Amino acid sequence: MSVGRGATIFGCAGPQLLDSERAFFRSADPFGFIVFARNIEDPDQLLRLTGSLRDAVGREAPILVDQEGGRVQRLRAPHWREWDPPLDTVARAVSVEVAARLMKARATVIAAELRAVGIDANCAPVADVARPQTHPFLRNRCYGSDPDTVARVARAVAEGLMAGGVLPVMKHLPGHGLSHLDTHHDLPTVDATLEDLQATDFAPFRALAGLPMAMTAHLVFAAVDPGLPATQSPRMIQIIRKDIGFGGLLITDDLNMQALQGTLGERTARSIAAGVDIALHCNGDLADMAEVATAAGDMGPAATARAMAAVAARGPALQDIDAVLAELAHG
C-alpha cells in the first residue's frame, strides 16, 4: 500500500478533471483530494470524477468530502439523502444512548452513499463542544454542550463511518466551540484558561485520540499561544500530540480561510513547520495549488507513517444497509 509523497490535499475546479489539473496532480502527487458541491452533478458523473482523480496519481488516494448532514452536506437531494442538523437529531433523542445509536446508523448510511461514488473519507465527526456563544456557522453542526455527550456521539459517528468503509476525519482540534466568529472570515481568540480547556473542549478529542485522521482549528488559544492560531502554533500542536494524545494524520482546516494571515505559501509553510502533517487547500485554483504544493513539500518519515496507517484503516464498503435503514426508520 502506497501514499502520495506530497504533504497536501487538493480540490479541483469543476465536475470533470481538466488536463492541466491531471498533469499538476501527477507531478505534485498529493496525499489525497477533496470534493465540493461545485464538483458534483449526479452519481455517475461523481464516480467518474473520483476515478479520474485516482488515475491522475496512479493509486487509491483518499478522497474526502464534508458530509456531516444538515447544513454542511455536499451531496444533496435528489440523488442523495438529506439529513437534519446533528444537534437537532441529538436533542430529539430520549437519551444519549439513543442519540449515539441513531447517529451511528446515520453515519453508516452516509458512508454507503459516499463509497458508492468513490469517496472514502468524511470530514466528521465534529467533536466541538457547543456553547451559547458558539457562532451559528458551527453550532447546530455540534453534537451537544457537554463533553461526555459529544464524545459518545462523536465516537458513534466515527464507528458508523468506518463500518461503511469510510475514514473519519475528526474536527476541529483542539476544539472550536468557544469561537464566536466565523473563521472563514475572521480569526477568533479564545480566552479560556488551560484548565477549562482541558476539562471541556479538549476532552472529546482526548477520548477519540485513536482515530486515524483529524483536522485543526484556526483559533488562537491565548492560554497556550496568544500569537498564533492552533493550526500554526508549535505549542498547540505539541498539546494535540502529547496531552490530547492524537497520534493520527493531522490535516489543516482549509488554508484559504481568512482567519489565517499572509500568502498561501506562508500559511502553508507555517502550518507544516508547526507540526501539522498535511496542508488542505480547497478552492481548486491551479496557481494557488502550485503555491501550496511548493510550500508544503514532501511528507517526512513520521507524516508518511501516519498517512500509511490512516489508509490502512480504510475498510471495505458495506454491502447491505437494509438493517441500518430499518434502525433509522424505527428511531
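Worth a mention:
- All positions within the range 158-170 that are out of contact with any Gly (no Cβ under 9 Å at 6 or more places or on another chain) and surrounded by fewer than 24 Cβ atoms within 10 Å (Cβ to Cβ): E159
- Scanning the range 225-242 for residues being farther than 18 Å from D128 by Cα and either assigned to a helix (DSSP H, G or I) or not charged (D, E, K, R) (or both) gives a total of 9.
- The condition of being within 30 Å of G262 (Cα to Cα), in contact with a His (Cβ under 6 Å, 6 or more places away or on another chain) and not aromatic (F, W, Y) holds for only one of H176, H180, H184, that being H180.
- Total residues in the range 33-83, condition more than 20 Å from P316 (Cα to Cα), part of a loop (DSSP other than H, G, I, E, B), in contact with a helix residue (DSSP H, G or I) (Cβ under 6 Å, 6 or more places away or on another chain) and aliphatic (A, V, I, L, M): 1
- Each residue in the range 278-314 was checked for being in a loop (DSSP other than H, G, I, E, B), more than 18 Å from the chain's Cα centre (by Cα) and over 20 Å from Q232 (Cα atoms), and 1 of them qualify.
- Inter-residue pairs, beta-carbon under 6 Å, first at negative phi and of a type in the set (G, A, S) and in the range 42-68, second surrounded by 15 or more Cβ atoms within 10 Å (Cβ to Cβ) and part of a helix (DSSP H, G or I), 6+ apart: A56/R22; A56/F25; A61/R54
- Verdict on T89 being in contact (Cβ under 8 Å) with a residue 60 or more places away in the chain and either outside any loop (DSSP other than H, G, I, E, B) or crowded, with 23+ Cβ neighbours inside 10 Å (or both): no
- So R155, is it at pLDDT 95 or above, surrounded by fewer than 18 Cβ atoms within 10 Å (Cβ to Cβ), assigned to a helix (DSSP H, G or I) and of a type in the set (K, R): no
- Condition check for P86 on (1) within 16 Å of the chain's Cα centre (by Cα); (2) within 30 Å of A293 (Cα to Cα): one failure, at (2).
- The C-beta contact set for the range 140-155 (first residue farther than 13 Å from S95 by Cα and in contact (Cβ under 8 Å) with a residue 24 or more places away in the chain, second residue in a helix (DSSP H, G or I) and among the charged types (D, E, K, R), distance under 8 angstrom, 6+ apart or interchain) comprises N140/D88.
- Residue match in the range 125-138 (condition: part of a helix (DSSP H, G or I) and in contact with a helix residue (DSSP H, G or I) (Cβ under 8 Å, 6 or more places away or on another chain)): no
- Residues of the range 184-206 satisfying the condition of being touching a Pro at 6+ places or on another chain (Cβ under 8 Å) and among the hydrophobic types (A, V, I, L, M, F, W, C): L187, L197, A199, F202, A203, F205
- When the residues of the range 179-207 are filtered to those that are free of Cβ contacts under 8 Å to residues at least 40 places away in the same chain and in a loop (DSSP other than H, G, I, E, B), the one that is farthest from D254 (Cα to Cα) is T193.
- Among the conditions (1) out of contact with any Gly (no Cβ under 9 Å at 6 or more places or on another chain); (2) surrounded by fewer than 24 Cβ atoms within 10 Å (Cβ to Cβ); (3) among the hydroxyl-bearing types (S, T, Y), T216 misses just one, which is (2).
The values are calculated or read from the model by the stated rules, or taken from the named source; none is laboratory data. Bear in mind the structure is a predicted one, so any value in this text is a computation, not a measurement. No Cβ is skipped: glycine too gets one built from the backbone with ideal geometry, and neighbour counts run over all protein chains shown.
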